[in-house]
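Inspection log for the structure reproduced underneath, given as structure tokens.
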Amino acid sequence: MSDGSVRTGRLAGIRVVSLAGTLPGPVAARRLTREGADVVRVEGPGGDILRAVAPALVDDLTRDQETLQLNLKDAAGQDRLAELLDGAHVLLTSSRPAALARLGLTRESVAQRWPRLAWVAIVGATGDRAEEAGHDLTYQAEAGLLASGTELPRVLLADLSCAERVVTEVVLSLREVELHGTGGYAEVGLIESARDLGEPLRHGLTAPGGVLGGGSPSYNIYPARSGRVALAALEPHFWTRTQELLDVEGTHEALAEAFLERDAQEWEAWGAEHDVPIVAVR
């Protein structure tokens with residue numbers, strides 16, 4: 001750490017150099033930091049573009065990390081990066097392979113100079129599509145995760161699920177080094193992350209009218225006297241208890257009428273009291 005203190009945690013002693021900006025990389029790096037890894041974040045001379053629109057988020061993502069601004073297009077910046085990698089266990093990147101190659105970072109060159117380094121690369125899609133441009137919106141669109149109409153998603157699903165995959169790949173790569181003494185290169189694709197999140201939808205579970213897509217009155221969102229409530233009484237004992245306590249038939253219409261009798265926060269308190277999974281929609 002930059003303050004000289006010793007980190008503790010399950011990844012204590014692991015040093016990470018992260019060139020991965022915007023969101024997936026920093027989210028993954030924060031998780032590694034919280035697990036005890038010592039993370040050095042390398043930004044370009046202009047800093048991270050995310051700071052211009054969400055500075056508080058960037059501050060949270062980079063807490064307890066050392067941040068350096070290096071111009072990796074000149075020799076001095078590349079030399080400083082090489083010094084960092086000399087003492088690192090993990091390298092995180094999120095640029096396209098061609099852009100990294102222009103900085104001298106290729107699979108062959110990194111493996112030759114730092115054979116024990118675990119390199120985890122975030123790409124739009126793995127393999128032949130690694131050079132394609134995109135962002136969370138296009139990955140969700142391709143994976144079929146966007147709702148109808150033009151409303152934008154409130155959760156950056158591809159970015160955040162990819163971040164968790166990165167952490168997994170880091171741990172697996174470190175295990176590989178431990179077992180075999182050599183590092184390696186692993187790609188984590190944003191589109192693959194988004195597609196896996198869409199598996200329940202593809203199988204109809206969360207599709208419109210599916211069990212978790214509005215087809216079941218036990219798993220639905222209902223208007224309350226004020227606000228809305230989310231009911232998730234899927235298991236038989238929860239569903240039976242809900243109907244008995246409300247004294248209603250188990251239909252959408254009956255539940256909708258019953259929930260209009262109280263405010264959403266009141267229903268949440270009622271659910272906690274009676275062990276029914278229902279909360280107010282924030």
Segment 95-125, residues that are open to solvent by less than 50 Å² (accessible area, probe 1.4 Å), of a type in the set (S, T, N, Q) and either part of a helix (DSSP H, G or I) or in contact with a strand residue (DSSP E or B) (Cβ under 6 Å, 6 or more places away or on another chain) (or both) = SER109
note = In the set ALA29, ALA88, ALA118, the lone residue that is within 25 Å of ASP136 (Cα to Cα), at pLDDT 95 or above and within 24 Å of the chain's Cα centre (by Cα) is ALA29
query = Looking at this structure, is ALA12 among the hydrophobic types (A, V, I, L, M, F, W, C), modelled with pLDDT of 95 or more, touching a Gly at 6+ places or on another chain (Cβ under 7 Å) and at negative phi?
reply = yes
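Kindly indicate whether ALA12 is among the aliphatic types (A, V, I, L, M), buried (at least 24 other Cβ atoms within 10 Å of the Cβ) and either in a loop (DSSP other than H, G, I, E, B) or within 17 Å of the chain's Cα centre (by Cα) (or both). I'd like the intermediate steps shown before the answer.
Details: among the aliphatic types (A, V, I, L, M): yes; buried (at least 24 other Cβ atoms within 10 Å of the Cβ): no; either in a loop (DSSP other than H, G, I, E, B) or within 17 Å of the chain's Cα centre (by Cα) (or both): yes.
It is false that ALA12 is among the aliphatic types (A, V, I, L, M), buried (at least 24 other Cβ atoms within 10 Å of the Cβ) and either in a loop (DSSP other than H, G, I, E, B) or within 17 Å of the chain's Cα centre (by Cα) (or both).
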request  = Would you be able to say whether some residue in segment 63-70 is crowded, with 20+ Cβ neighbours inside 10 Å, modelled with pLDDT of 95 or more, touching a Lys or Arg at 6+ places or on another chain (Cβ under 6 Å) and hydrophobic (A, V, I, L, M, F, W, C)?
outcome  = no
ask   = Can you name the condition, by its number, that LEU201 falls short on among (1) open to solvent by 70 Å² or more (accessible area, probe 1.4 Å); (2) closer than 30 Å to LEU92 by Cβ?
value = (1)
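Considering each of ALA186, ALA194, ALA147 in turn, give the residue that is touching a strand residue (DSSP E or B) at 6+ places or on another chain (Cβ under 6 Å) and of a type in the set (A, V, I, L, M, F, W, C). Show your work before the answer.
Working: ALA194 fails: touching a strand residue (DSSP E or B) at 6+ places or on another chain (Cβ under 6 Å); ALA147 fails: touching a strand residue (DSSP E or B) at 6+ places or on another chain (Cβ under 6 Å).
Being touching a strand residue (DSSP E or B) at 6+ places or on another chain (Cβ under 6 Å) and of a type in the set (A, V, I, L, M, F, W, C) holds for just one of ALA186, ALA194, ALA147, which is ALA186.
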ask   = Within segment 266-278, is even one residue in contact with a strand residue (DSSP E or B) (Cβ under 6 Å, 6 or more places away or on another chain), closer than 12 Å to PRO223 by Cα and in contact (Cβ under 8 Å) with a residue 12 or more places away in the chain?
value = yes
note = Only one of (1) surrounded by fewer than 16 Cβ atoms within 10 Å (Cβ to Cβ); (2) of a type in the set (Val, Ile, Thr); (3) touching a residue at least 12 places away in the same chain (Cβ under 8 Å) does not apply to VAL229, and that is (1)
Single condition LEU72 does not satisfy, out of (1) among the aliphatic types (A, V, I, L, M); (2) over 24 Å from the mean Cα position of the chain (by Cα); (3) farther than 17 Å from LEU174 by Cα; (4) in a helix (DSSP H, G or I) = (4)
message = Pull out all pairs, ordered by first then second residue, where Cβ-Cβ is under 9 Å, the residues are six or more apart or on different chains, the first lies in segment 142-156 and is surrounded by 10 or more Cβ atoms within 10 Å (Cβ to Cβ), and the second is hydroxyl-bearing (Ser, Thr, Tyr).
response = ALA143/SER193; LEU145/TYR139
ask   = Under 7 Å by Cβ, and 6 or more places apart or on different chains, what pairs join a residue from segment 23-44 that is over 26 Å from LYS73 (Cα atoms) with one that is part of a strand (DSSP E or B)?
value = LEU32/VAL16; LEU32/VAL39; THR33/VAL39; ALA37/VAL16
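So for segment 74-88 (the condition being of a type outside the set (A, V, I, L, M, F, W, C), in contact with a helix residue (DSSP H, G or I) (Cβ under 9 Å, 6 or more places away or on another chain) and under 20 Å from ALA29 (Cα atoms)), does at least one residue qualify?
Scanning segment 74-88 turns up at least one residue that is of a type outside the set (A, V, I, L, M, F, W, C), in contact with a helix residue (DSSP H, G or I) (Cβ under 9 Å, 6 or more places away or on another chain) and under 20 Å from ALA29 (Cα atoms).
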query = Taking segment 126-141 on its own, how many of its residues are open to solvent by 30 Å² or more (accessible area, probe 1.4 Å) and under 21 Å from GLY25 (Cβ atoms)?
reply = 9
request  = Given the conditions (1) closer than 22 Å to ALA147 by Cα; (2) over 33 Å from the mean Cα position of the chain (by Cα), report the number of the one that PHE259 does not fulfil.
outcome  = (1)
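The values are calculated or read from the model by the stated rules, or taken from the named source; none is laboratory data. Note that the structure is a prediction, hence the values are computed from the model and not measured. In this analysis, Cβ positions are derived from the backbone assuming ideal geometry, glycine residues included, and neighbour counts consider all displayed protein chains. SASA here: full protein model, heavy atoms, side chains in, ligands and nucleic acids out. Shrake-Rupley method; radii C 1.70, N 1.55, O 1.52, S 1.80 Å.
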